[in-house]
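Trainee: Input: one structure, supplied below.
Bear in mind that the values in this text are calculations on the coordinates, not laboratory data. Not measured: the values here are computed from a predicted model. Cβ coordinates were reconstructed from backbone atoms using ideal geometry, including for glycine residues, and neighbour counts include every protein chain displayed.
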Amino acid sequence: QKEVEQDPGPLSVPEGAIVSLNCTYSNSAFQYFMWYRQYSRKGPELLMYTYSSGNKEDGRFTAQVDKSSKYISLFIRDSQPSDSATYLCALEGRGSQGNLIFGKGTKLSVKP
Amino acid sequence: DSGVTQTPKHLITATGQRVTLRCSPRSGDLSVYWYQQSLDQGLQFLIQYYNGEERAKGNILERFSAQQFPDLHSELNLSSLELGDSALYFCASSVTSGPGDTQYFGPGTRLTVL
C-alpha cells in the first residue's frame, strides 16, 4: 500500500461549482498536512497548511483533516477558471527532518 | 514568485553524461530540499541540506549527489545519466529544518536525457 493515495483525475467542473479533492494515507505518524497548487510548468505553491485534525478555512478554500480515518480533503467554493491546476496533498511526520510525502496530484479544470 | 531560483530552466543532454543543477534559496532560509517529479512517480523527495550539512536522504540514487555551499546555494549533480532520469527537478527552501516548516518551491529544471 502506498503511503499517500490521491485520485489523479482529471476532474472537470463548471465555473462556480464546489470542488472536493481528497487524499488517503496509511501512516498514522503524519502530523502536518498541506495542499499545494501547481500550475502547468511551474513549481508547487503552498495553498493550505493544517496541523493534526480539524478544519481550516482561507477564503474560498477549506482544508479538512480526519486523522481517525486517515483522510484529508480540500474544498474549493465558487471555483474559477484560474483554479485550473494540479492539486497535490503533502504530508509530513512529527519526527521527520522536513521531507514531504506527496500524493501524485489531481488535475482540475474549471470551465467558464 | 516564491523567491527560490533555479538554473537552468531546461537541460537536454545524452545518456552517460553528467549535469549540475543549481538552486538559490529564499533570503534567510537555511534549508534546501531537492525533489524529482516524474509522470509515473509523482513528486519525490531526494535530499535535504541545512546550513551546509546533509540532514535527510530520500530516494536518491548513488549516481546523484548534492551539496550546499557557504552562501547557502545548493547544487544537485546527476551523473551517468539514463533515459529514466528525465524529469522535473525542484528545489525548495525553508527557514529551518524541522517538521512543519513551510517549504517554498522554485520553478524547477526540466531535464531531458536523450
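Trainee: Name the long-range amide H neighbours of B:Thr5: under 5 Å, sequence gap of 5 or more, or other chain; modelled H, no Pro or chain starts.
Mentor: Under 5 Å from the amide H of B:Thr5 lie the amide H atoms of B:Ser24, each far enough along the sequence or on another chain.
Trainee: Using Cβ counts within 10 Å as a stand-in for footprinting exposure, how do A:Tyr39, B:Tyr104 rank, fewest first?
Mentor: In order of increasing Cβ crowding within 10 Å: A:Tyr39, B:Tyr104.
Trainee: Same structure again: For B:Ile47, enumerate residues with amide H under 5 Å from its amide H, sequence gap 5+ or separate chain, H modeled in the peptide plane.
Mentor: The answer is B:Trp34, B:Gly58.
Trainee: Please turn the phi angles of region B:103-108 into ³J(HN,Hα) values with the Karplus equation 6.51 cos²θ - 1.76 cosθ + 1.60 (θ = phi - 60°), one per residue in order, whole Hz, x for glycine and proline.
Mentor: 9, 10, 9, x, x, x
Trainee: Starting from the Cα of A:Lys111, step 7 Å along the direction of its Cβ; do the same at A:Ser40; then give the gap between the two resulting points in nm.
Mentor: Output for this residue pair reads 1.7 nm.
Trainee: Let me ask something else. Loop only by DSSP, 16 or fewer other Cβ within 10 Å of the Cβ. Give me the GluC sites (Glu not before Pro) in region B:6-108 that pass, ordered by residue number.
Mentor: Answer by residue number: B:Glu62, B:Glu82.
Trainee: Which whole-Hz couplings ³J(HN,Hα) result when phi for each residue of region A:38-48 is put into the Karplus expression 6.51 cos²θ - 1.76 cosθ + 1.60, θ = phi - 60°, listed in order with x for Gly and Pro?
Mentor: 10, 7, 4, 6, 10, x, x, 10, 5, 9, 9
Trainee: Could you list A:Asp66, B:Asp1, A:Asp83 so that the one with the fewest beta carbons within 10 Å of its beta carbon is first and the one with the most is last?
Mentor: Details: A:Asp66 13, B:Asp1 8, A:Asp83 19.
Arranged by neighbour count, lowest to highest, A:Asp66, B:Asp1, A:Asp83 become B:Asp1, A:Asp66, A:Asp83.
Trainee: Isolated Cys in the protein assembly as shown by the 4.7 Å beta carbon test?
Mentor: When partners are defined as cysteine Cβ atoms under 4.7 Å apart, the protein assembly as shown leaves no cysteine without one.
Trainee: Something else about it: My understanding is that a pair violates if its Cα-Cα distance is over 31 Å; which of A:Lys67/A:Lys104; A:Lys67/B:Lys9; A:Lys42/A:Lys70; A:Lys104/B:Lys9 do that in this structure?
Mentor: On the way: A:Lys67/A:Lys104 20 Å; A:Lys67/B:Lys9 39 Å; A:Lys42/A:Lys70 29 Å; A:Lys104/B:Lys9 22 Å.
Beyond 31 Å: A:Lys67/B:Lys9.
Trainee: How do A:Met34, A:Met48 rank when sorted from fewest to most other Cβ atoms within 10 Å of their own Cβ?
Mentor: Ascending Cβ contact count within 10 Å gives the list A:Met48, A:Met34.
Trainee: Check the straight Cα-Cα distances from A:Lys56 and name the aspartates and glutamates below 16 Å, setting aside those fewer than 8 residues away within the same chain.
Mentor: A:Asp66
Trainee: Under 17 Å from the Cα of A:Lys107, which aspartates and glutamates turn up, not counting those fewer than eight places away in the same chain?
Mentor: A:Glu5, A:Asp7, A:Glu15, A:Glu45, A:Asp83, B:Asp40
Trainee: Give a quick list of GluC sites (Glu not before Pro) in region A:7-112 that DSSP marks as loop, anything other than H, G, I, E or B, with at most 14 other Cβ atoms within 10 Å.
Mentor: Here the sparse-neighbourhood loop sites are A:Glu15.
Trainee: Shifting gears a bit: In whole Hz, with x marking every Gly and Pro, tabulate ³J(HN,Hα) for region B:49-55 from phi via Karplus 6.51 cos²θ - 1.76 cosθ + 1.60, θ = phi - 60°.
Mentor: Residue by residue, region B:49-55 yields 10, 10, 6, x, 10, 5, 10 Hz.
Trainee: Treat every Asp and Glu Cβ in region A:1-74 as -1 and every Lys and Arg Cβ as +1, leave all other atoms uncharged, and give the resulting dipole magnitude about the Cα centre to the nearest 20 debye.
Mentor: For this selection, approximately 160 debye.
Trainee: With r as the distance between the Cβ atoms of B:His10 and A:Ser28 and R0 = 41 Å, compute the FRET efficiency 1/(1 + (r/R0)^6) and round to 0.05.
Mentor: E(calc), rounded to 0.05, equals 0.50.
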